[in-house]
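For reference, the structure is listed below as structure tokens.
The values are calculated or read from the model by the stated rules, or taken from the named source; none is laboratory data. Given the structure is predicted, the values throughout are model-derived calculations rather than measurements. Because the Cβ atoms are built from the backbone with ideal geometry, glycine has one as well, and the counts that use them run over all protein chains shown. Heads up: the accessible areas ignore ligands, DNA and RNA and are worked out on the full protein's heavy atoms, side chains in. Shrake-Rupley method; radii C 1.70, N 1.55, O 1.52, S 1.80 Å.
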Amino acid sequence: MRKVRLALPLLTLPLAALTAACASATATPTAEVRELLDRGQITALVDRLGRALDEGRFDELRTIYAPDATAKTPGGTAEGRDALIAQASRNHGEHLRIQHVIGNVLIDLRGDTAEVRANLIATFALAASDGTPPQPVYTLGEVYRFDAIRTGEGWRLSRVQTTPIWSTGTRP
């Protein structure tokens, strides 16, 4: 136990160094630190998109998508953030329980833009009226492709396109 207590401060050094590099108002992050921060922020956008869709938090899409964002998904095509939000609301109704499992997020950074690829498994179930966990009726495996841009408010998704790879069941 004593060895663990002595080693614990060493484990926090990389995080402490990153925090110190970013916390100073006068310090300019190195290119490597900037890249790590950008990748983390873009990955968080993708994660937040999944949560917003799963939980019906459609207003949060305003902080995920750029105003002129576009989408092409099995649920339709939309241009502009308001159209994307309306499409998401239609396709993720309260009668459904949907879980988006997003992984293998790969980011190709290019300055203030990025191309992103991720795998998605979306499972759909009809909401049960008695409070019991519903049974899945449809599962879809897709590839997500996003474009992301750096804005004055941070990174935003400017394009989303999904390519279905496989499915099982009947889409509700």
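I want to confirm something. Restricting to the range 60-76 and keeping residues that are small (G, A, S) and more than 24 Å from H95 (Cα to Cα), which single residue is surrounded by the most Cβ atoms within 10 Å (Cβ to Cβ)? Per the stated criteria, the residue is A69. The number of residues in the range 77-105 that are open to solvent by 20 Å² or more (accessible area, probe 1.4 Å) and within 23 Å of S167 (Cβ to Cβ) comes to 15.
Restricting attention to the range 36-59 and to residues that are over 27 Å from H95 (Cβ atoms) and of a type in the set (D, E, K, R), the residue that is surrounded by the fewest Cβ atoms within 10 Å (Cβ to Cβ) turns out to be R39. On the stretch given as the range 103-116, residues that are of a type outside the set (V, I, T) and in contact (Cβ under 8 Å) with a residue 40 or more places away in the chain total 2.
Just one of the numbered conditions (1) open to solvent by less than 40 Å² (accessible area, probe 1.4 Å); (2) basic (K, R); (3) without any contact (Cβ under 8 Å) to a residue 12 or more places away in the chain is not true of R156: (3). Within the range 52-83, being touching a residue at least 40 places away in the same chain (Cβ under 8 Å) and part of a helix (DSSP H, G or I) holds for L53, D54, T63. Summed over the range 103-157, the residues that are of a type in the set (G, A, S), farther than 18 Å from L37 by Cα and part of a loop (DSSP other than H, G, I, E, B) give a count of 4.
Looking across H100, H92, one residue alone is under 27 Å from L36 (Cα atoms) and touching a helix residue (DSSP H, G or I) at 6+ places or on another chain (Cβ under 7 Å). It is H100. Look at the range 120-147: where a residue is under 12 Å from V101 (Cβ atoms) and open to solvent by less than 10 Å² (accessible area, probe 1.4 Å) and a partner is at pLDDT 95 or above and of a type in the set (D, E, K, R), sitting 6+ places away or on another chain with Cβ atoms under 6 Å, you get L120/E142. For the range 87-102, state whether one or more residues are more than 20 Å from R51 (Cβ to Cβ) and without any contact (Cβ under 8 Å) to a residue 60 or more places away in the chain. Looking through the range 87-102, none of the residues is more than 20 Å from R51 (Cβ to Cβ) and without any contact (Cβ under 8 Å) to a residue 60 or more places away in the chain.
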